[in-house]
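Q: Please find one structure pasted underneath; my questions will follow.
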Amino acid sequence: MIQELTRGYVQTRVFMDTPVVIELAAPGYDDAELAERTDRAFDWFAEVERRCSRFDEGSELRSLSRQIGEPLRVSALLFSALDLALNVAHLTGGALDPAIGRAMERSGFNTNYVTGARVTSPLPADSPGTYKDILLDCDAQTVTLLRPLALDLGAVAKGLAVDLAAEELSGLPGFVINAGGDILARGLNPDGEPWRIGIRHPRRQAELLTSLRITDAAVCTSGDYERPQATGDGHHIIDPASGSSASLAVSVTVIAPTAVVADALSTAVFVLGPAAGVDLLDREGVDGLIVDADLNIVTTTGMERYVSR
Amino acid sequence: MKSGRRPKKHQARSVPTPAAPAKKRRKGKLSGGIIALSSAAIVSIYALGRANTSAGSEQAFVDAPTAAAPVVARAGGATPAAPTTATAGARPAPGAAPSSTQIVPTPAASYKDGTYAGNGNSRHGGMQVTVVIKGGKIASANVTSCGTRYPCSDVNSLVRAAVSKQVVPVNHVSGSTDSSQAYKQALTNALKQAKA
């Protein structure tokens, strides 16, 4: 028995090298209006990508990366993305580091998915900068890089795009924005219930770890299973401390009020591992589920209330 | 005061880094500072809107905010403005070499007007992309069906899982970010047919 579960108004487009699905549960609404709002929501993905992409020479982020030692005034969007990433960097002692771009490039995550072009940041070999080399001035909305850095907002950009897209859809009875597994769900699903969100099993492709009931929250998962490195057996989540793939966890799911927080914290917790990771989630007042390298599951105490019965 | 390092350190501190507010908020209660910060950022960015975009380098993206946006710029024969314009005002780092963004040749020739469908596959299954060409340029390139892929792939595999394991069916699945491999393949195949 095959049951079609996405029965709302559904559109899929590709941004940031991943399929983005928007499903609206808005019975009685005019399709033309839904189409227009969906278009506007997708536009935010284009906007965030344009400003925050590490893979596009023309992005605002790349322009910023070329300005060393002097404050550069940036857009509110880029400023906030960096601000959020730096906050998480400081909270976690650098488990998430927006200066990780160089290590990402070296691990083979250096190809623009649209053009196929390779990106190589022109950094001196002896200049391993970190988030501490990025200074923000909130009043002037400027960013100062103390040394050449390859900035990477991979842990926050997609979440931020999801949150901004959601603003375009607010007021609808229910919707889900699913950016390649980073999900924000508001209101109710087409059955008039909280959205049912599965968490993919990190080792068995056709299976779920569990399924959650979600309304008005974001669910983001960082895993080691979808984007392997071209060489070796590493993956795309690099531990800034070692420069190689983080290995204490294989999957981390975070539930938070905003997608950008769920996105950033799932990456940070992936690097921190289960023990320090749960502590961080507790301190920040969000819930999460961590699968460690032996496939043991560790959760925050509040996770229970989301699990479907 | 005399030490050479001190002014630098001092300068660094005088800039309001995000560390300070984060710490302050953290002392509070369960709702972490980072959540409040993100909510405020979303509201203010949204209020400013997307319109504050005027640089020529950004035009391509503004014109076609669909998945195929970057392709539009190139396929349409538009100048690859992004690298040149953006670098103009910026100061490259010492020893900076402009990295190449044009390794993959993109067709300057225009396409035949019409609607073309192409298929692509990834390890999750297949997807169909329908490309609409207007005036020789890609007007849209949207996913029109997904054999076993997003969202259907999840649904199908989940339903299988649900049936075999008595798990509740779900609306969407959260997982590690998958790539757009199937989309790229489908797009390429559709564009092959549109070649003039």
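Laboratory data are not the source of any read-out in this text; all were calculated from the coordinates shown. Fair warning: this is a prediction, and the values are worked out from it, not measured in the lab. Reconstructed Cβ throughout: ideal geometry from the backbone, glycine too, with neighbour counts over all protein chains shown.
Q: Arrange the following residues from fewest to most other Cβ atoms within 10 Å of their Cβ: A:C52, A:C220. Write down the numbers at each step before the final one.
A: Details: A:C52 28, A:C220 32.
Least to most surrounded, the residues fall as A:C52, A:C220.
Q: Now, a different point. Helix A:259-272 versus the longest principal axis of chain A: what is the Cα-based angle in degrees, 0 to 90, to the nearest 10?
A: 60
Q: Most fluctuating residue of A:T215, A:T267, A:T111 in a GNM of chain A with Cα springs under 10 Å: which is it?
A: It is A:T111.
Q: Additional query: Quick check: net charge around A:A276, other residues with Cβ under 14 Å of its Cβ, Lys/Arg +1 and Asp/Glu -1?
A: Working: positive: A:R283; negative: A:D239, A:D279, A:D282, A:E284, A:D292.
Once positives and negatives cancel, what remains is -4.
Q: At 0.36 nm per residue, minus the direct Cα-Cα distance, what do A:D39 and A:T301 gain on full extension? Give it in nm, one decimal, please.
A: On the way: separation 262, 0.36 × 262 = 94.32 nm, distance 3.85 nm.
Extending this stretch completely gives an extra 90.5 nm.
Q: Along Cα→Cβ, 7 Å out, is where each label goes; now give me the distance between the ones at B:A139 and A:D216 in nm to one decimal.
A: 4.2
Q: Can you tally the net charge around A:D30? Count Lys and Arg as +1, Asp and Glu as -1, for every other residue whose Cβ sits under 12 Å from the Cβ of A:D30.
A: Residues close to A:D30 contribute a combined charge of -2.
Q: Separate question: Any chance you could give the angle, 0 to 90 degrees and rounded to 10, that helix A:157-169 forms with the longest Cα principal axis of chain A?
A: 40
Q: What net charge do the residues around A:G101 carry, taking every other residue with its C-beta under 11 Å from that of A:G101, with Lys and Arg at +1 and Asp and Glu at -1?
A: Residues near A:G101 contribute +1 overall.
Q: Also: Can you compute the charge dipole magnitude of region A:56-145 about its Cα centre, using +1 on each Lys and Arg Cβ and -1 on each Asp and Glu Cβ, nothing else charged? Give it in debye, rounded to the nearest 20.
A: The calculation lands at about 260 debye.
Q: Over region A:56-145, one equal point on each Cα, no solvent: what is log10 I(q)/I(0) by the Debye formula at q = 0.19 Å⁻¹?
A: -0.98
Q: Within 10 Å of each Cβ of A:210-217, how many other protein chain Cβ atoms are there on average?
A: Other-chain Cβ atoms within 10 Å of each residue's Cβ, averaged: 3.
Q: Given A:K158/B:K137; B:K137/B:K184; B:K137/B:K195, which pairs have Cα atoms separated by over 20 Å?
A: A:K158/B:K137
Q: Rounded, prolate or oblate: which fits region A:143-260, taking a ≥ b ≥ c as square roots of the Cα gyration tensor eigenvalues, rounded meaning a/c under 1.5, else prolate when a/b beats b/c?
A: Since a/c reaches 1.5 but b/c is at least a/b, the shape of region A:143-260 is classed as oblate.
Q: Please build a GNM for chain A, connecting alpha carbons under 10 Å apart, and tell me which residue among A:R40, A:R283, A:R200 fluctuates the most.
A: The residue that fluctuates most here is A:R283.
Q: Let me ask something else about it. In a GNM of chain A with a 10 Å cut-off on Cα contacts, which of A:E168, A:E207, A:E23 has the highest mean-square fluctuation?
A: Sorting by GNM fluctuation, first place goes to A:E207.
Q: For chain A, report the convex hull volume of the alpha-carbon atoms normalised per residue, in Å³, without decimals.
A: Values: hull volume 44.4 nm³, N = 309.
About 144 Å³ per residue, rounded to a whole number.
Q: Sticking with this one: Give me the number: length gained by fully extending A:E70 to A:T120, i.e. 0.36 nm times residue separation minus the C-alpha to C-alpha distance, one decimal in nm. Before the final figure, lay out each step's value.
A: On the way: separation 50, 0.36 × 50 = 18.00 nm, distance 2.23 nm.
Between A:E70 and A:T120, full extension yields 15.8 nm more.
Q: Next up: Between helix A:31-52 and chain A, what is the angle of the helix's C-alpha long axis to the longest principal axis, kept within 0 to 90° and rounded to the nearest 10?
A: 20
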